[in-house]
Amino acid sequence: DKISQAAKINKTQANDALNAAVEAIKKSLKKDGERVTLPGFGTFSTAKRKARTGRNPRTGQAIKIPAMRVPKFTAGKAFKAAVK
């Protein structure tokens, strides 16, 4: 609703625009090492997480957690200032 009001477009167009932006970010992050920067907002990137041993909270049994890439977001200076 807020996007459609701010951009003066209907809700369907606003929803399509937001979904297209999110999909573009996902596709870019899926490529190894690619970052997406939105000036004034922040940077989306990926980080490698090492394999490690964890514990099942229900049973206490040790389990192996495999290495994986995880999404990461770093807020930009203007965004941090706006939230402060």
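The values are calculated or read from the model by the stated rules, or taken from the named source; none is laboratory data. Small disclaimer: the values here were computed from a predicted structure and weren't measured. When we count neighbours, we look across all protein chains shown, and the Cβ atoms used for this are built from the backbone with ideal geometry, even at glycine. Remember, those area values only see protein heavy atoms, side chains included, never the ligands or the DNA or RNA. Shrake-Rupley method; radii C 1.70, N 1.55, O 1.52, S 1.80 Å.
Express the accessible area of the range 35-83 per residue in Å², computed with a 1.4 Å probe while the remaining protein chains stay in the model.
Values: 4110 Å² over 49 residues.
That works out to 84 Å² per residue.
Between 0 and 90 degrees, the angle of helix 11-30 with respect to the longest Cα principal axis of the chain falls at about 40 degrees.
Straight-line cross-link reach from Lys64 at under 25 Å between alpha-carbon atoms covers these lysines, not counting any fewer than eight positions away in the same chain: Lys30, Lys48, Lys50, Lys72.
Just need the relative contact order of the chain here, percent rounded to a whole number, with Cα pairs under 8 Å and 6+ apart. Numbers along the way, then the final one.
Details: 102 pairs, mean separation 18.7, N = 84.
Value for the chain: 22 percent.
Using only DSSP helix segments of four residues or longer, with each worth -39500 (n - 2.57), what per-residue ellipticity at 222 nm results for the chain after dividing by its residue count and rounding to 500? Value at 222 nm, helices only: -12000 deg cm²/dmol.
Summarising the label geometry, the points placed 7 Å from Cα in the beta-carbon direction at Ser4 and Ala17 lie 1.3 nm from one another. Taking each residue as 0.36 nm, the span from Ala82 to Ser28 lengthens on full extension beyond its C-alpha to C-alpha distance by 16.8 nm.
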